[in-house]
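Trainee: One structure coming up, written as structure tokens, with questions to follow.
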Amino acid sequence: MIDIALSYIRDILNEHFKNEFSISENKVMLSNLVKPDGSSAQNVEGKIVLFLISLDEESTLKNNSNRYSNHGDGLFGHKSPTLHLNMNLFFCANFDSNVYAEGLSYLSSLVRFFQINRKITIDSLGNTKSLSFELCRLDYAQLSHLWSAIGSKLMPAVLYKVGLLAFDDVPLERIIPAIKELDNQT
């Protein structure tokens, strides 16, 4: 589901940029900025680079029930509760000094897009999910640590907390019969 959500976000942003800037190329890339060996990733120059920083569990929805009724047939299914995740997504304007202002234009457009579209609905394989976007603020120390962890120099970027991805495709662990009241007519 993570890959589907990130690909969908990339695709709708690319369509938004094509409409707003009258361009034909994709400007949003789903990629790391830096390869694991420390070298620069390929094909990300002159792009808004979108990547996943972290995932965390939505604690307010942690205590869901793990029993599911089978619509009145007297049986209940037992399975692990749904896992609700938030994603922290980083959008980085990777534009060199010759087109730095262009990168800022794309980043500004991205912020406006999520200002207007705070919730986005994804319909994947008949499974509808709603993602909400919340702009996150990092202080200078957090920002410095983040860029050090990424392994890149500071670039114009924005961090969004995106919730909620629900992982609910775990199989049933067992079927439990319902307790029925016995009719004692003696």
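Since every read-out is calculated from the coordinates, none of them should be taken as a lab result. This one's a predicted model, so the numbers in the text were calculated from it and none came from an experiment. Cβ atoms come from the backbone with ideal geometry, glycine included; neighbour counts cover every protein chain shown.
Trainee: Rounded, prolate or oblate for region 17-62? Axes are the square roots of the Cα gyration tensor eigenvalues, ordered a ≥ b ≥ c, and the cut-off for rounded is a/c under 1.5. If you can, show how the numbers build up before the last one.
Mentor: Numbers: a/c = 5.57, a/b = 1.36, b/c = 4.09.
Note, shape of region 17-62 comes out oblate.
Trainee: Starting from the Cα of residue 23, step 7 Å along the direction of its Cβ; do the same at residue 111; then give the gap between the two resulting points in nm.
Mentor: Each label point is offset 7 Å from its Cα along the Cβ direction, giving 1.8 nm.
Trainee: On full extension of the chain, what length is gained from residue 139 through residue 53, given 0.36 nm per residue of separation minus the C-alpha to C-alpha distance?
Mentor: Additional length available on full extension: 29.3 nm.
Trainee: Taking 7 Å along the Cα-to-C-beta vector as the label spot, tell me the residue 102-residue 12 distance in nanometres, rounded to one decimal.
Mentor: Result: 2.7 nm between the two label points.
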